[in-house]
1. Provide a single number: the residues in region 139-155 that are over 13 Å from residue 86 (Cα atoms) and without any contact (Cβ under 8 Å) to a residue 40 or more places away in the chain.
2. Give region 174-205 a look and list any residue that's farther than 19 Å from residue 216 by Cα, out of contact with any helix residue (DSSP H, G or I) (no Cβ under 8 Å at 6 or more places or on another chain) and at pLDDT 95 or above, or say none.
3. Do you know which of the residues in region 113-152 that are buried (at least 19 other Cβ atoms within 10 Å of the Cβ) and not in a helix (DSSP H, G or I) is modelled with the highest pLDDT?
4. Applying the selection to region 172-194, what residues are over 23 Å from the mean Cα position of the chain (by Cα) and surrounded by 12 or more Cβ atoms within 10 Å (Cβ to Cβ)?
5. With 206, 171 as the choices, which residue is in a loop (DSSP other than H, G, I, E, B) and without any contact (Cβ under 8 Å) to a residue 12 or more places away in the chain?
6. Somewhere in region 209-220, is a residue in a loop (DSSP other than H, G, I, E, B) and free of Cβ contacts under 8 Å to residues at least 12 places away in the same chain?
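The values are calculated or read from the model by the stated rules, or taken from the named source; none is laboratory data. Values in this document were obtained by computation on a predicted structure and should not be read as measured data. Here the Cβ positions follow ideal geometry from the backbone for every residue, glycine too, while neighbour counts run over all protein chains shown.
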């Protein structure tokens, strides 16, 4: 019965997130900010417990013991355990490249903007905290199938949507030439950290790579060689050709 309630709670939280995600397709998806010190204290306590014990092993009573008050206080702020977990994800991922950054880099030349995104994103997704969060979700997803969707929609999925919006803005501006924005987004993030994150998850590698800046530069240069537009003359912009090897 408790498991069914948890599953329903996660489904409701996921559904609410999905509705928010499609509300405005032309605007970056923003994270919810915690309004009060009490809410932040609850999220910090839950974060420590979730990362230490896993989602399923943590009870609301344990969280109450950590922060004081009552379960009613938590429910009034986060509705249920799934809503609290979503807030934990938001807090953890606010330490990544939040693609509200799309607005922050809008005044930069596209290569500089992509480089800023690549550096910050790589440093955070390779961090111990982020890797622990991925492991937590992966370990719980069989028992709580919608937990993975909740994490995706509050984390990587949101990042991909907002980065894709940025690329579309650049296509409209004539600085990039991209036929498939989704594929270009996959290329950017896949080249940036796919193998590296897997190696961290499996314990093959530890810590943030010392050459993050070199990796970021390399990925951005390959991306620009594939998609940047250069004007040979004012009438005929051309896609930048890859260098011969």
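1. Step one: list which residues in region 139-155 are over 13 Å from residue 86 (Cα atoms), which gives 139-145.
Still in the list and also without any contact (Cβ under 8 Å) to a residue 40 or more places away in the chain: 141-142.
Matching residues across region 139-155 total 2.
2. Hits for region 174-205 are 174, 179, 180.
3. Ranking the qualifying residues of region 113-152, first place goes to 126.
4. If the condition is that a residue be over 23 Å from the mean Cα position of the chain (by Cα) and surrounded by 12 or more Cβ atoms within 10 Å (Cβ to Cβ), then 175, 176, 177 are the ones that fit.
5. Matching residue, one of 206, 171: 206.
6. The answer is yes, given that some residue of region 209-220 is in a loop (DSSP other than H, G, I, E, B) and free of Cβ contacts under 8 Å to residues at least 12 places away in the same chain.
For (1) modelled with pLDDT under 85; (2) surrounded by fewer than 18 Cβ atoms within 10 Å (Cβ to Cβ); (3) touching a helix residue (DSSP H, G or I) at 6+ places or on another chain (Cβ under 9 Å); (4) outside any loop (DSSP other than H, G, I, E, B), each residue gets a yes or a no:
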| position | (1), (2), (3), (4) |
| --- | --- |
| 86 | yes, no, yes, yes |
| 95 | yes, yes, yes, no |
| 98 | yes, no, yes, no |
| 106 | yes, yes, yes, no |
| 111 | no, yes, yes, yes |
